[in-house]
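Have a look at the structure below, then the notes.
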Amino acid sequence: MSHEPEQAPYGSWKSELAARDVARGAALPEWLDFVGEEVWWTESLPHDGGRNALVRRGPDGAPQEVLPPGWNVRSGFDEYGARPWLPLSGHPGDGIVFTHWGDQRVHRWRPGSRPEPVSPAGPPHAVHRYGDFAVVGTEVWCVRQTVPTAARRDGSAGPRRELVALPLDGSAAEHPEAVRVLAAGHRFMTGPRVAPGGRKVAWLGWNHPDMPWDSTELMVADISPEGRVLPPVRMTGGGGRSVAQVDWATDGSGRLFAVTDPDGWWNLHEITPDGGVRNLCRRTEECAEALWRIGSRWFLPLRDGGIALLTGVGERRLVHLAPDGTQSVVDPEGPYTEWSSPATDGRRIAGVAAGPAHRPAVVLVDPGGKGTEILRAPAHEHTALSATPFRRSYRAPGGEEVYAHVHPPHNPAYRGPDDELPPFLVLAHGGPTNRVPMIPHPHITYFTSRGIGVLDVQYGGSTGYGRAYRDRLRGGWGVVDVQDCATAVRGLIAEGLADPRRIAIRGASAGGWTAAASLIAEPELYRAAALHFPVLDADTWRLTTHDFESRYAETLIGGPPGNGDRYTQRSPVHGASSIRAPFALFQGAQDAICPPRQAEQLLERLDGARTAYDYEVFEGEGHGFRRAETVAHTLRTELRLYARVFGFTPAPE
């Protein structure tokens, strides 16, 4: 028996997806790898304080923790993290190495035992952080970051990064002199990629003020018979060319593969031992993302000489590049348009896959076989509530295209009044050099299932659309992103899809900057905002944030001191007195990337008599809320804000 949807005002629809459900389901699998025949991965547990568990598929098909209780497989490298674990061989009995969040030391674990440290405690007045591992004989090689606990603002005592070797026998745990420093030379480095046979090693490096998507250098060095890394040679990159990933061919030929962008798109290239460079998969598509976390992968060399590759424009499909150069989309009729965190055993490919109507799942495919095996299915509760998003592009005043994903209001039990257009919430993603996949996100469904549409804007500067689109934000942060969000909103309104009097904007981190700046630049367009751990003052941010992003503003806004006025003009704190729309501001007390002082500065400069706001600081939270109670509370607070401003009564949860 079918039931006609009930007609009810937008925003008032009763949804079975409660805020606590969103918090519980916010975790995503990532950092996949093969351990023998099995695939293991990390998974955040919001109900356990956001701890990252290492899990495998259990006998009942549900995720099963691998390590003893309490271990947190997560690296603090560069604040955003790095690949935190690695199997030591193809034999499960040899165990794994991993970084534990609680002490940031590297530990070795074998089945049936407790993890034991293989790296020493940090030196006095500093902390060591590790990630992106490789096994070389009786050692594990990785990248190490040393962070002084009292670094001077001029950067002279700032963090340093170097490749190091840790003995797997654990001797360095009590004797730091047993750690061998292998290589250094750049302010920032990825972990080592060791060639089959162990005679060469490659890595990526870059220096301030570049970010890794601006310019990186691919370094290659010989390894001596004694295991020393000899002086490296730059093979490609630098000079405004970005290399996002590097790895070796599996056949021992010495061929090197790298994703780099000399033609404006991150494409897969082959680099021969004599320095020759050849594009293996020429596409006006991106075969990588911005390198926010060290050890991220977008291609995998296979045992037969083929390569698995993630590629697309505004999406990531899995492509198999055969040894003869033939290219084919893996499972072209399948539902998955977004692949991430791929891993291989040389033949099979595992990854996290999702699509417009499919939440992320851990899947296993064989390019030469048929079908896809689901190893970690997403939760099936409330799937009928998810809207099916669709793509839109709009023209900015200067003629540039602006990309966006539209998630319309959707709930099978309801429909809106015939004479009413829905309110819309604009999402400005973080980064800002980042993008958001077009898939059913629980926090989006929380709003769309209640009758509030969501417009997810991939503004200029977003990855996924080529270098030219990414570079639109150079020098334009606080202008281009704000204008592009407004362009997308006005395009949506012109299509008759949104109520122009009921538009709000939401952003986290750099997206919080865009949302706050939008309230100032577009006071007639936005009626409310939610700001999550935002950047609000460019000068305060560059002086107090972590090393990785400490000179990011020089690319986004311009290099001080000559652009000091521009920093002031762009920063939302300096225009705070003109904000009239009510907003909610959420901040993590332990945020090292956007410290709470910026939020306090904004509030001090508000015209308090004319601007209503909610401000909450959460102890134990950093940059990105991980605790279930925090996520649920902020969602409920946001909904109450939009209800007050847009004039609807939300249904009780």
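Segment L543..R391, full-extension length gain: 50.9 nm, with 0.36 nm per residue of separation and the alpha-carbon distance subtracted. For the chain, adding -39500 (n - 2.57) for each run of n ≥ 4 DSSP H residues and dividing by the number of residues yields -4000 deg cm²/dmol at 222 nm.
Using 1/(1 + (r/R0)^6) with R0 = 35 angstrom and r between the beta carbons of S171 and H47, what's the FRET efficiency to the nearest 0.05? Mind showing how you got there, number by number?
Numbers: r = 38 Å, r/R0 = 1.08.
Calculated transfer efficiency: 0.40.
Amide H contacts under 5 Å for R415: E6, Q7, A8, restricted to partners 5 or more places along the chain or on a different chain, H placed in the peptide plane at 1.01 Å from N. If R0 equals 22 Å, the separation of the Cβ atoms of H125 and D103 corresponds to a calculated FRET efficiency of about 0.85.
Ordering 373-383, 542-552 by mean Cβ neighbour count within 10 Å, with the highest value first, yields 542-552, 373-383.
Simple rule: put +1 on each Lys or Arg Cβ and -1 on each Asp or Glu Cβ in segment 18-163, find the dipole, and look at L88, P46, L67; the Cα lying farthest toward the positive end is P46. Cα centroid separation, segment 244-287 to segment 574-653: 44 Å. Convex hull of alpha carbon positions in the chain: directionally averaged projected area 29.0 nm².
Taking Lys and Arg as +1 and Asp and Glu as -1, the other residues whose beta-carbon sits under 10 Å from that of A651 total +1.
Would you mind calculating the relative contact order of segment 246-378 from Cα pairs under 8 angstrom and at least 6 residues apart, reporting the percent as a whole number?
Computed over segment 246-378, the figure is 13 percent.
Can you tally the net charge around R580? Count Lys and Arg as +1, Asp and Glu as -1, for every other residue whose Cβ sits under 11 Å from the Cβ of R580. Every neighbour counted, the sum reads 0. Normalised by the number of residues in segment 268-344, the mean separation of alpha-carbon contacts (under 8 Å, six or more apart) gives a relative contact order of 22 percent. Packing-based ranking of 118-128, 185-195 yields 185-195, 118-128, ordered from highest to lowest mean Cβ neighbour count within 10 Å. If I model a spin label at A62 and E116 as a point 7 Å from the Cα along the Cα→Cβ vector, what separation in nanometres do I get? According to this spin-label approximation, the distance is 3.4 nm.
Measuring r between the beta carbons of R160 and A413 and using R0 = 56 Å, the FRET efficiency lands at 0.45. For segment 609-642, applying the loop criterion from DSSP together with a ceiling of 16 other beta carbons within 10 Å to the GluC sites (Glu not before Pro) yields E619.
Taking every alpha-carbon pair under 8 Å whose residues sit at least 6 apart, the chain reaches a relative contact order of 12 percent.
Relative to the longest principal axis of the Cα atoms of the chain, the long axis of helix 628-646 lies at roughly 30 degrees. Of R316, R627, R347, the sequence from fewest to most neighbouring Cβ atoms within 10 angstrom is R347, R627, R316. Here I493, I439 are placed in order of increasing Cβ neighbour count within 10 Å, fewest first, which gives I493, I439.
Each residue in I503, I96 was given a count of other beta-carbon atoms within 10 angstrom of its own, and listing them fewest first yields I96, I503. Quick check: the angle from helix 480-494's long axis to the longest principal axis of the chain, C-alpha only, nearest 10 degrees? Tilt of helix 480-494: around 50 degrees.
Bear in mind these aren't lab numbers, they're just calculated from the coordinates by the rules spelled out. Quantities reported herein were computed from a predicted structural model and do not represent experimental measurements. Methodologically, a virtual Cβ is constructed for each residue, glycine included, from the backbone with ideal geometry; neighbour enumeration extends over all protein chains shown.
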